[in-house]
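The structure appears below as C-alpha cells.
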Amino acid sequence: MPTGKEATATFMNLEFELGPDVLVPRQETELLGAVCVDRLSQGVVTPTVVDMCCGCGNLGIAIAMKIADAQVWSCDLTSATVEVAWRNVIRFGLQDRMSVVQGDMFENISGIGLEGRVDLVVCNPPYISTSRLEADRAHLLENEPREAFDGGPYGISIQQRLIRDALLFLKPGGCLAFEFGEGQERQAAVLLARTRAYAPVQFILDPSGIPRVAIAVKLAGGQ
C-alpha cells in the first residue's frame, strides 16, 4: 500500500496525493461518488455539497470536477488529513469552489450560512466495529489512521451522528448519501427511519449485488 508524502492513488480516474496519516481511497467507494454525480446531474443548479470525513478530498473533488458549478465544503477531524485534502484541491485548481475545514463532524461549518441550504451531504464514514478492528489490527491499520476505520462498538457510531446532524444542513429535498459496511443496510435503514425526517432509504448495490450505499432525501419539515 502506498505511503509517504509523494504517494498517490487513483479515484474516479483522478490522481490524488496521499499522506502517511490519510486513508487511501478505495475503488469500492467509486460507487458512492458515481451515485452523487448522477444525482446532482439531474437538474440541480449550482449545488451546495458537504463532503464529511473527506480524507484526501477524493469524493468532494471528484464531484466538483464533474459538476462544474458545485460549491463544496470538505470536512475532516485531523489537521494532517485536512492539509492533504487542501493540497489536492490546489492540485486540481478548485480553490474558488472548494473549502476544506477541520473539525469534529459539522461543528466548524455551523453558523456560516449553510444550515438549510445544502443539496447533498456525502460521507464515507468509518464503519468497522472496534472489536473487529482490534482482531484484524495488523491488516486493517497498516500505514493508515485508526480514525478512518473505527466505527465504534457496532460500526455505526459515525453513521448515527451523520444521519442526525445532516438534517440541520440539508434543504428539504436535499440528499444524504453514505457508504456502509457489508451487512449494515438494516441498521442504516433503522437509523434513518427513526428520525422521521427522511423519505424511505434507497440502497445502491455494488457489482456483486451487495448493498453498499444509502441515499435518503430530507422531507419537507424534517428536523
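Data for the structure
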quantity: Footprinting exposure proxy for 65, 105, 52 (fewest neighbouring C-beta atoms within 10 Å first); calculated: 65, 105, 52
quantity: Within-10-Å neighbourhood charge of residue 16 [Cβ basis; K, R +1; D, E -1]; calculated: 0
quantity: Normalised alpha carbon radius of gyration of segment 8-217 [divisor 2.2 N^0.38 Å]; calculated: 0.94
quantity: Highest average packing first - 208-220, 13-25, Cβ atoms within 10 Å; calculated: 13-25, 208-220
quantity: Segment 8-217, relative contact order in percent, only Cα pairs under 8 angstrom and at least six apart counted; calculated: 18
quantity: Share, in percent, of DSSP beta bridges within segment 8-217 that are antiparallel, nearest 5; calculated: 40
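Each value in this text was obtained by applying a stated rule to the coordinates, not by laboratory testing. Computed from a predicted model, the values in this text were never measured in an experiment. So basically every Cβ, Gly included, is an ideal-geometry build from the backbone, and we count neighbours across all protein chains shown.
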